[in-house]
1. Residue A:20 to residue B:75: FRET efficiency via 1/(1 + (r/R0)^6), r the Cβ-Cβ distance, R0 45 Å, to the nearest 0.05?
2. Pull out a ≥ b ≥ c, the square roots of the eigenvalues of the alpha-carbon gyration tensor of chain A, then state rounded if a/c is under 1.5, prolate if not and a/b is larger than b/c, and oblate in the remaining case.
3. Measure nothing fancy, just the Cα-based angle from helix A:60-71's long axis to the longest principal axis of chain A, in degrees from 0 to 90, nearest 10.
4. Give me the angle, in degrees from 0 to 90, between the Cα long axis of helix A:84-105 and the longest principal axis of the Cα atoms of chain A, rounded to the nearest 10.
5. Checking the a/c ratio against 1.5 first, then a/b against b/c, what shape does the Cα gyration tensor give for chain B?
6. Any chance you could give the angle, 0 to 90 degrees and rounded to 10, that helix A:3-22 forms with the longest Cα principal axis of chain A?
7. Suppose a student asked you for the relative contact order of the range A:16-68, using Cα pairs under 8 Å spaced at least 6 residues apart; what percent would you report?
8. Over chain A, what is the relative contact order in percent, taking alpha-carbon pairs closer than 8 angstrom and at least six residues apart?
């Protein structure tokens, strides 16, 4: 599989899962992101025929919107749960990882999905990986909020 | 008749999603217990009457597979129906879990109607078995 094929599948699976699970309609974009404020990064390992660290990054505000959508609540209600943005972004990445591994490697191939972790960063400290061992996609919501997904292969 | 459900997932939001979906499934629900890993779940199962367990696979401390293996070695817990709710799509693992006695496997993200169908299948047959026993 070529790097472009890995990236294309990462994009397709992420778009589908965000729409199906969280009613968040996004589309890929070629534009660069300028992150402002707090950005939450969820990380999760895939261990299989080709191992990778998956990363999903979005603003805290979008994370809270995702939590609200996942739970069928309004954003004020969703804000009352413990760390809603971190929890929703970690769970979204977990939901993406399964079908992504199946599409990349096949559902007959054992690929272990790790437990997601999150870290909060300031926008300026986020640096996109552009080496040959990584692939990255940027998705934007209807309202222009970005979500960045990266797979760093090892 | 109402049933007690145990939801086992390390993700708070996944537990809330499952609890909410179980609540709207139409089945009479008594209590919904929550655990963040297999170890906590086993403790809750030993202390409470649980009719059905929804469990994730990938959890810290004790995974869903380890929890099911422990349940299968316990005469009291081995009869509790377990449904796995996981993002893992590996077919061989799903088949192995079914051989261990897992009643159903829901892939995340799931639709509420898929969960309702599983609840009705599992608890419906349990209600039927209870009726037969009377």
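Rule-based calculations on the coordinates, nothing more; no lab input. A quick note: this is a predicted structure, and the numbers were derived from the prediction, not measured. Don't worry about glycine lacking a Cβ; one is built from the backbone with ideal geometry, like all the others, and counts go over all protein chains shown.
1. 0.65
2. The shape class here is prolate.
3. 90
4. Helix A:84-105 sits roughly 20 degrees off the main axis of chain A.
5. The shape class here is rounded.
6. Roughly 30 degrees, rounded to the nearest 10.
7. Relative contact order for the range A:16-68 comes out at 29 percent.
8. 35
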